[in-house]
Amino acid sequence: QLQASGGGLVHPGGSLTLSCTASGRPFSIYVMGWFRQAPGKEREFVARIRWSGSMLDYADSVKGRFTISKDNPKNTVYLQMNSLKPEDTAVYYCAADLTYGRLSSVASDYDYWGQGTQVTVSS
């Protein structure tokens, strides 16, 4: 089970940090990812991090502004979002992929999903 939190309303240029805590069997997770979905758009990849180790990747649209990190003892992954833009407005979801060796940016490859947290960037 994944529990996401940290969304909210922020002005353009502002920052937010999202958190996602895994419970149940977090040791079986291979990759944790963040995705987002804006109204009328498909869910899109934002960032991912390997649960064991430090391999990570970002969508081009967030590189240099967002940082994904994790705290394994707390079974938590974070998404630090800086220099937020109105186009970052979306519901943000964390997700877990259990497949060993797969580093995917495809939403359908992920096995478990958090409930989503709304991020609104507006003046």
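The values are calculated or read from the model by the stated rules, or taken from the named source; none is laboratory data. Note that the structure is a prediction, hence the values are computed from the model and not measured. Cβ coordinates were reconstructed from backbone atoms using ideal geometry, including for glycine residues, and neighbour counts include every protein chain displayed. Remember, those area values only see protein heavy atoms, side chains included, never the ligands or the DNA or RNA. Shrake-Rupley method; radii C 1.70, N 1.55, O 1.52, S 1.80 Å.
Could you tell me the calculated FRET efficiency between Ser83 and Arg25, based on Cβ-Cβ distance and R0 = 35 angstrom, to the nearest 0.05?
The formula returns an efficiency of 0.45 here.
Counting only other residues whose beta carbon sits under 13 Å from that of Leu56, what net charge do I get with K and R as +1, D and E as -1?
+3
Rounded to the nearest 10 Å², what accessible area does Leu9 show when all protein chains are kept and the probe is 1.4 Å?
130 Å²
Given a 10 angstrom Cα cut-off, can you work out which residue in Thr21, Thr99, Thr76 is the most mobile in a GNM of the chain?
Of Thr21, Thr99, Thr76, the most mobile in the Gaussian network model is Thr99.
Pop out the carbon and sulfur fraction of the accessible area of region 19-114 as a percent, whole number, probe 1.4 Å.
49 percent
Grab every C-alpha pair in the chain, bin the distances at 5 angstrom width from 0 up to the longest one, and report whole percents.
The distribution over the chain is 2, 12, 24, 26, 20, 10, 5, 1, 0, given as percents.
Would you mind calculating the relative contact order of region 11-73 from Cα pairs under 8 angstrom and at least 6 residues apart, reporting the percent as a whole number? Before the final figure, lay out the partial values.
Values: 56 pairs, mean separation 13.6, N = 63.
About 22 percent, as a whole number.
Between beta-carbons, use under 15 Å as the cut-off and find the net charge around Ser108, counting Lys and Arg +1, Asp and Glu -1.
-2
Could you please report the charge total around Glu44, scoring K, R as +1 and D, E as -1 over all other residues with beta-carbon less than 12 angstrom from its beta-carbon?
Once positives and negatives cancel, what remains is -1.
Considering only DSSP beta bridges with both partners in the chain, what is the antiparallel share in %, to the nearest 5?
90 percent
For the chain, what is the relative contact order in percent, using Cα pairs closer than 8 Å and at least 6 residues apart in sequence?
37 percent
Using Cα springs under 10 Å in a Gaussian network model of the chain, which residue among Gly14, Gly53, Gly24 shows the largest mean-square fluctuation?
Looking only at Gly14, Gly53, Gly24, the biggest GNM fluctuation is shown by Gly24.
Let me make sure I get this right: for region 71-122, a, b and c are the square roots of the gyration tensor eigenvalues over alpha carbons, sorted descending. Under 1.5 in a/c it's rounded, otherwise prolate if a/b > b/c, else oblate. Which is it? Numbers along the way, then the final one.
Numbers: a/c = 2.21, a/b = 1.65, b/c = 1.34.
Verdict is prolate for region 71-122.
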